[in-house]
Amino acid sequence: MAPRALVERLRTESGAALLLVGVTVLALVWANSPLSGAYTHLWETSVNLDVGELRFDMDLHHWVNDGLMVLFFFVIGLEVRQELSIGSLRQRSQRLVPLVAGTAGVLVPALVYLAVAGGAAPQGWGVVVGTDTAFLLGVLALVGPAMSNQLRVFLMTLTVVDDFLSVAIIGVFYSDDVRIGPLVLAVVCLGVLWLLGRMRQWRSAPYVVVIVVLWGATVQAGVHPSIAGMVAGLLVPAAVTRRADVLHAKSLFRAYWQSPDAAGARNVQAGLARSISVNHRLHEVLRGPVSLVVVPVFALANAGIDLRGGALADALGSAITWGVVAGLVVGKLVGVSLGTWTALRMRLGLLPDGVGPGSVLGGAALSGIGFTVSLLVVNLAFPDPADAQAATVGVLLAMVLASVLGWLIFTVARVRWGETTADLPVTLAPPVDDELDHVRGDPDAAHTVVEYLDFQCPFCARVTGMNVELHEHFGDRVRYVVRHLPLPDVHPQAFLAAVASEAAHRQGQFWEMHDVLFSHQSQLELDDLRGYAADLGLDLARFDADLDDEELHDLVRAHAASAAASGARGTPTFFLDGHRHRGPHDARTLAAAIEAAESDPAARRRS
């Protein structure tokens, strides 16, 4: 496999999970080989850093756990902020079920551990509260349903809660003696991060500088820096990209294209940066290095336990080992499942569409993969090497058992309960009808692109020129169809605008009204719609009557119902030859998907 292809493979969730497994096995083999002394010596190597009068004196193992891993928790914080601002934790109906499930998935495992090993080592309860999100999603990609995106979203939301609570537990219960001076500086840094967000600072450099100072202050204060990483990530603002910012960046690039020079290039870079929130930019920069470097290095440094000389037998006879195994494997399964069931019974929310009870049970089982967070807590909770070794064996054993248990549950759910997927539908329903649908292009075209649109959505195809670009690329080989999916929660005028387009259709001018509405997205009140009808030469009396015609209202609702039945939840959503397109929806990506379908008809199902 070529190096570039290998890197791309490792960037996938399943690839990252296999990388971690490989590194873990390498660490175990190294630590139990004749070269085990070199392994121990490597991580005990002292690395000193002096900054003025401050001295950071740690061995390489602590630099990994207290330094590199801060990036891991910072990325988690960025993801939590994204979910709170624009993701699945933004709406109450979406967040309460995973919130309850995630909380129960922390409490129940801790209680199970204390019931099994509380008498021998009660301080180890924190080992079983965390879930390794990356490992969970990687194993899900390997053993879960072939299509499991909705389950993935549910589990990610659940682990957001899990991660937040786990890091809070580490910071509160597993920190050293706290020094007040550096702690005050750390609090000041958090205040500065908050102010940067409130000031809408779009440059990433100020955030990075403050976060570096925050890390140093936290280490000097004796508080585990994982909590600093998480809170810092939470304070970096995330926002939906605004169409106006994209258009501004486009105008800057046009100026550079017309007159390329260094100043123009710098303006383009700044314009592009301002169009994307600093949270998303930092996440994009750090996500790859964290999954491909930071976490594997952490695994290499922490998974290498010497099992020779009866150590494995001693670990398997330890209450700590089995407390960790029971807490992660049994506690997570029971806690997440029970929390989900309780939230559903209390009608706090609903499961994502397409996710059945078997998928929830399978995901709950995979939540028992603690790994990264668990191994970190092992080093903090057990000063005795023998106890730490027993806990590490428990974490590794639980990882294997949780993966196997998840695979068994998913298999039963598929075979016995018919849960073949845990995702939204992907097939267009109903199919395109030339008599009922709005079609642009040759009715006999080889390919059909269907867009569900909202006339107030700034990213729908008319604004981005999607239809024009596809026609220029494919000519009569592609026809273009639109259906309505007004989103009244965010676009209050979208529904009436959709009705207005259908009223114009009754007078033979749907596409003319379609173009006008997208050209005036900020002006879609009733008087505006009547003005556009007059400009198009429509019969206003008939237009007004049609706006009030319940038949047209029902037609728009039917389009929205077909979107729901087809798996479309937002706009724009595209279907290529009857199958929902997943991934970026720019013209180049859609054109590539169509070309792939021409050479491999099965490719459209994988788009």
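The values are calculated or read from the model by the stated rules, or taken from the named source; none is laboratory data. As the structure is a prediction and not an experimental result, all values here were calculated from the model. FYI the Cβ positions are ideal-geometry reconstructions off the backbone, even for glycines, and counts take in every protein chain you see. These accessible areas exclude ligands, DNA and RNA; they are computed on the full protein's heavy atoms, side chains included. Shrake-Rupley method; radii C 1.70, N 1.55, O 1.52, S 1.80 Å.
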Decide, for segment 368-419, between rounded, prolate and oblate: order the square roots of the alpha carbon gyration tensor eigenvalues as a ≥ b ≥ c, take rounded if a/c falls under 1.5, and otherwise choose prolate if a/b is larger than b/c, else oblate. prolate
Let me know the Kirkwood hydrodynamic radius for segment 482-550, please, with Cα pairs as the basis and the value in Å to one decimal. 11.8 Å
Considering the options 597, 494, 133, tell which one lies farthest towards the positive end of the dipole of the chain, charges being +1 on Lys and Arg and -1 on Asp and Glu at the Cβ, about the Cα centre. 133
Fully extended contour minus Cα-Cα distance, from residue 188 to residue 46, at 0.36 nm per residue: 48.1 nm
Cα gyration tensor category, rounded, prolate or oblate, for segment 89-247 with a/c compared to 1.5: oblate
Separation of alpha-carbon centers, segment 529-600 and segment 427-496, rounded to whole Å: 5 Å
What's the angle, to the nearest 10 degrees (0 to 90), between helix 92-117's Cα axis and the longest principal axis of the chain? 20 degrees
Treating the Cα atoms of segment 358-445 as identical point scatterers in vacuum, please give the log10 of the normalised Debye intensity I(q)/I(0) at q = 0.10, 0.13, 0.20 Å⁻¹, two decimals. -0.51, -0.64, -0.91
Give the peptides 194-203, 290-299 in descending order of average Cβ contacts within 10 Å, highest first. 290-299, 194-203
Percent accessible area from carbon and sulfur atoms, segment 526-576, protein chains only, probe 1.4 Å: 51 percent
Shape verdict for segment 395-463, please, from the Cα gyration tensor: rounded (a/c under 1.5), prolate (a/b greater than b/c) or oblate. prolate
Stokes-Einstein D for segment 517-577, Kirkwood Rh over Cα pairs, 25 °C, 0.890 mPa s (µm²/s): 178 µm²/s
Between segment 261-282 and segment 302-374, what is the C-alpha centre distance in whole Å? 43 Å
Skip the ligands, DNA and RNA, and give the accessible area per residue of the chain with a 1.4 Å probe, whole Å². 46 Å²
Can you pull the percent of Cα pairs in segment 190-240 with separation above 15 Å? 41 percent
Quick one: of the DSSP bridges fully inside the chain, what percent are antiparallel, nearest 5? 70 percent
Helix-derived mean residue ellipticity, 222 nm - over the chain, DSSP H n ≥ 4, -39500 (n - 2.57), to 500: -20000 deg cm²/dmol
Which one of 244, 375, 61 has its Cα pushed farthest toward the positive end of the charge dipole of the chain, where Lys and Arg give +1 and Asp and Glu give -1 at the Cβ? 61
Can you pull a Stokes-Einstein diffusion coefficient for segment 202-268 at 37 °C (0.692 mPa s), Rh from Kirkwood over Cα pairs, as a whole number of µm²/s? 220 µm²/s
In whole angstrom, note down how far apart the Cα centers of segment 59-76 and segment 10-42 are. 17 Å
For segment 238-317, the Cα convex hull volume per residue in Å³ comes to 124 Å³
What's the carbon and sulfur percent of segment 205-351's accessible surface, probe 1.4 angstrom, rounded to a whole number? 68 percent
By how many degrees, 0 to 90 and rounded to 10, does the Cα axis of helix 526-535 deviate from the longest principal axis of the chain? 50 degrees
Using every alpha carbon pair in segment 325-379, what percent of pairs falls into each 5 Å bin from 0 up to the bin containing the largest distance? 4, 19, 23, 21, 14, 10, 6, 2, 0
For segment 182-297, just the Cα atoms, rotate onto the principal axes and tell me the three extents in Å, largest first. 56, 34, 26
Full extension between residue 92 and residue 442 adds, at 0.36 nm per residue less the Cα distance, a length in nm of 121.5 nm
Hey, if you drop one equal point scatterer on each alpha-carbon of the chain and run the Debye formula without solvent, what base-10 log of I(q)/I(0) do you get at q = 0.08, 0.12 Å⁻¹? -0.68, -1.28
Quick one: if the Förster radius is 45 Å, what FRET efficiency do residue 308 and residue 412 give, using the C-beta to C-beta distance and rounding to 0.05? 0.70
In Å³ and rounded to a whole number, note down the convex hull volume per residue for the Cα atoms of segment 9-93. 159 Å³
Direction-averaged shadow area of the convex hull around the Cα atoms of segment 86-125, nm²? 3.3 nm²
Take the alpha carbon atoms of segment 50-139, find their radius of gyration, then divide it by 2.2 N^0.38 Å using N residues; give the quotient. 1.47
How big is the C-alpha Rg of segment 381-517 next to the rule-of-thumb value 2.2 N^0.38 Å, as a ratio? 1.82
